[in-house]
Amino acid sequence: MMKRKTILWYGIPAYGHVNSNLYFANLLVKEKIRVVYYSTEMFRSVIERNGCEYRSYPISQKEMDLSDGQKILKLYRLVLEYTEKMLPFLLGEAQKERPWGIILESFALWGWEIGNRLGILSFSFYSIAAVDRVWGAGFFAYAKGFLPGFFRYAGEIPVIWKLRRRLWKQWGMSRLGMRKVLMIQCDWNLMGFSRLFQPGGEKFGEKYLFLGPMATHRKIMEKNDFVCPKENLIYVSLGTIFNGDERLLGELIRQLGRSGEKGRDSKKDKGDKEYVVVLVWQDREGIWFPENFIVREFVNQKEVLQRADLFITAGGMNSIHEALYYRVPCLICPQQGEQLLNGRQFEKLGFGRILRNPCHLRQEMKRTMELKDKWDEERRKRVVAVHGKEGIKRIKQSLKIPMSVKSNKQNF
């Protein structure tokens, strides 16, 4: 029996990243490729359900926190710090595995260095919009969201420089600028979204393969413990990291709530439609929710979106594309820079609006829901189309290239 080719996958242990790429990892498994997926224990079950072999990073989920992308300098420092801590262990394991290739999340720097040292092909997987070069369209799109608070975390800079010096002395790792570390470019770059969604996407070269938003097609095992109404449903979820916008919560309750008590809703316009609101909220203690609110810490999002008239969301990449797949317009409430970029792209494409003032929630809801009657349906289909098989084909073709073609640094 011929031994299966092995790909080492260095993931980022955060829901948005794991959900974005597991469908593609499963496609590789179905092609008889052994995928060894590195993450943390909380993702073991879903990784194994998708046919991959789970491996644990040598640091814990609590210690490995790369979820808050708003603090960009902190994120930069953490990536360098984790690379320094994990590289000796991970490199030793990789040398024993003798992989044919490596796939790494776009800021899993440790994976990039392992591929470079073993002299094997590496593929970077992007779960977020990319910056292919400084001063490109992607750079300016991110700058609008991150620059206002950038220097608030300037205290990270001295630590960053110390980490860069140590990585250079110990591993010879040079040119560790922020763009290179957080937007790693490999032999091939696998984009988990459409070229239409990427700022300046028409200028990205042939090394960028736009595979489409694959998170929509991931396997979800959990079921909802409630029945969604067939109409007049608003779905609200601000994600697991930023689920704490109390001002927005207050406006949702005030403007959409139905108490059942006479006169409680007298401030609403008589023509306002009443909705059932499915709300994902983590901490319910001390909060009164109206009778038309279904509040849960977790919901099967795909099940709800198939019935929803509107999705009020923070603007995570997976969520907005999943809504678009089910033809649900998005009212986006960005909580950080990447989500603001996503919101602006959706506004530009005509699939959503950004909520700039929660006091105008009702008016903005109406305007956003009207988009569905106006948007370009062919464009919508192009944005949500998945081209996973093309990515698999490129990987299989690439792995047939003799390893010596890339480098003579093979070091097992």
Has the stretch 99-110 got any residue that is modelled with pLDDT of 95 or more and in a helix (DSSP H, G or I)? yes
Name every residue in the stretch 116-139 that is over 16 Å from Trp171 (Cβ atoms) and either part of a loop (DSSP other than H, G, I, E, B) or assigned by TED's automatic domain parsing to the domain that holds Asn318 (or both), in order of residue number. Ile120, Ser127, Ile128, Ala129, Ala130, Val131, Asp132, Arg133, Val134, Trp135, Gly136
Within the stretch 325-376, the residues that are of a type in the set (S, T, N, Q) and outside any loop (DSSP other than H, G, I, E, B) are Gln339, Asn342, Gln345, Gln363, Thr368
Determine whether the stretch 338-346 contains at least one residue that is among the basic types (Lys, Arg) and closer than 20 Å to Ser194 by Cα. yes
Testing Ala141 on (1) modelled with pLDDT under 95; (2) within 27 Å of Tyr23 (Cα to Cα); (3) under 21 Å from the mean Cα position of the chain (by Cα), one condition comes back false. Which one is that? (2)
Picked from the stretch 34-67 (must be assigned to a loop (DSSP other than H, G, I, E, B) and touching a residue at least 60 places away in the same chain (Cβ under 8 Å)), the residue nearest to Ile392 (Cα to Cα) is Asn50
Of the residues in the stretch 287-316, how many are surrounded by 23 or more Cβ atoms within 10 Å (Cβ to Cβ) and free of Cβ contacts under 8 Å to residues at least 40 places away in the same chain? 1
From (1) part of a loop (DSSP other than H, G, I, E, B); (2) more than 15 Å from the chain's Cα centre (by Cα); (3) more than 15 Å from Ile395 (Cα to Cα); (4) not aliphatic (A, V, I, L, M), pick out the condition that doesn't hold for Arg4. (3)
Among the candidates Glu113, Glu84, single out the residue that is farther than 25 Å from Ile392 by Cα, at pLDDT 95 or above, outside any loop (DSSP other than H, G, I, E, B) and not polar (S, T, N, Q). Glu84
Tally the residues that are under 18 Å from the mean Cα position of the chain (by Cα) and part of a helix (DSSP H, G or I), restricting the search to the stretch 202-227. 4
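The values are calculated or read from the model by the stated rules, or taken from the named source; none is laboratory data. Just so it is clear, the model here is predicted, and its values are computed rather than measured. Positions of Cβ are backbone-derived with ideal geometry, glycine not excepted, and every protein chain shown enters the neighbour counts.
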